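Laboratory data are not the source of any read-out in this text; all were calculated from the coordinates shown. Just so it is clear, the model here is predicted, and its values are computed rather than measured. Cβ: placed from backbone, ideal geometry, glycine included. Neighbour counts: every protein chain shown.
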Amino acid sequence: MSELQKNLWLTDESETSLILNLFIPSRACLWERGVTLTLETAYPDGDTARVTVRTERPASLRLLLRAERVSAALVNGEPAALTCVQGFAVLEREWKDGDVLALTLSSPISLLPLPDDGTRAAVLCGDVLLAQKGRAALPALREEGPEKALRRARAGEACFVCETADGAQAELVPLYAIGREEYTVYSRLTREAAEASSFSFAQDGSAAY
């Protein structure tokens, strides 16, 4: 079973501080305090998130958000007073039943170089790893920078296109959206011809290698 769900929300033993670590639709239940926070978002297809608070009684709670991913926050439609502490945007207040925290998220495009090989790099959209369909070289990622080289193919989707070394277009989508197709995680950043490589499906057709 995936360990991902264990890292979505993190709290201390007293349940007075809560970290929202990853923007994936989820729910945090503070049973001892009778507080539930529900996160709704289409990230990375969209750049907003909504946290709804349900509580049996007004409750003081310190909510910590990753500052690098949050560009704006509203509580019940009003600007939230955030303080920055050690990389977190901190919102401390008394929460009431039905309070809504609306967030605008930041999802910059960045490169993660392959260790010991500067000619290849993975592409990230915020926290989300993108996979390139096919294996054509994408020198524009290094020559122009990922933010300029990639553009959204369709509004409302985390689907990007980038010009290849031969002037065609390659599509990059979240790795989890890849199906039965050839893909590359570490894209080539040079204009040299690609080395031949084999590609096949597992016998049950469930995966490629």
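Using the Karplus curve 6.51 cos²θ - 1.76 cosθ + 1.60 with θ = phi - 60°, work out ³J(HN,Hα) for each residue of segment 105-113 in order, rounded to whole Hz, and write x for Gly and Pro.
9, 9, 10, x, 8, 9, 10, 10, x
Mind listing the long-range amide H neighbours of Arg93? Cut-off is under 5 Å, sequence gap 5 or more, other chains count too, H placed in the peptide plane at 1.01 Å from N.
Result for Arg93 returns Leu61, Leu63.
What is segment 102-174's relative contact order, in percent, from Cα pairs under 8 angstrom and six or more apart in sequence?
On the way: 116 pairs, mean separation 18.6, N = 73.
About 25 percent, as a whole number.
Can you give me the three principal axis dimensions of segment 109-188 from its C-alpha atoms, in Å, biggest first?
If we take the Cα atoms of segment 109-188, the spans are 32, 23, 23 Å.
Here are some values of Cα Rg over 2.2 N^0.38 Å: [x] 1.05; [y] 1.23; [z] 1.16. Which one was computed from this structure?
The value matching this structure is [y].
For each of Cys29, Cys159, count neighbouring Cβ atoms within 10 Å of the residue's Cβ, then give the residues from fewest to most. Present the calculation step by step, with values, prior to reporting the outcome.
Details: Cys29 13, Cys159 18.
Taking fewest neighbouring Cβ atoms as first place, the list is Cys29, Cys159.
Rounded to the nearest 500, what is the chain's calculated 222 nm mean residue ellipticity when only DSSP H runs of at least 4 contribute -39500 (n - 2.57) each, over all residues?
Result for the chain, helices only: -500 deg cm²/dmol.
Compute the separation of the alpha-carbon centres of segment 1-71 and segment 120-171 and state it in Å as a whole number.
Cα centroid to Cα centroid, the span is 31 Å.
Quote the Stokes-Einstein diffusion coefficient, in whole µm² s⁻¹, for segment 4-105, based on the Kirkwood radius over alpha carbon pairs, a temperature of 37 °C and a viscosity of 0.692 mPa s.
242 µm²/s
Which residue, Ala177, Ala136, Ala102, has the most motion in a Gaussian network model of the chain that connects Cα atoms within less than 10 Å?
Ala177
How high is the relative contact order of segment 4-105? Use alpha-carbon pairs under 8 Å, at least six apart in sequence, and give a whole percent.
26 percent
Hey, what did the chain get for relative contact order, percent, Cα under 8 Å, at least 6 apart?
15 percent
Set the Förster distance to 35 Å, then compute FRET efficiency between Thr11 and Val185 from the Cβ-Cβ distance, nearest 0.05.
Computed FRET efficiency for Thr11 and Val185 comes out at 0.60.
Using a Gaussian network model of the chain whose springs link C-alpha atoms within less than 10 Å, name the residue from Val85, Val75, Val128 with the highest mean-square fluctuation.
Among Val85, Val75, Val128, the largest GNM mean-square fluctuation belongs to Val85.
Which of Leu105, Gly118, Ser14 sits closest to the plus end of the dipole of segment 1-119, meaning its Cα is farthest towards the positive end, when Lys and Arg get +1 and Asp and Glu get -1 on the C-beta?
Ser14
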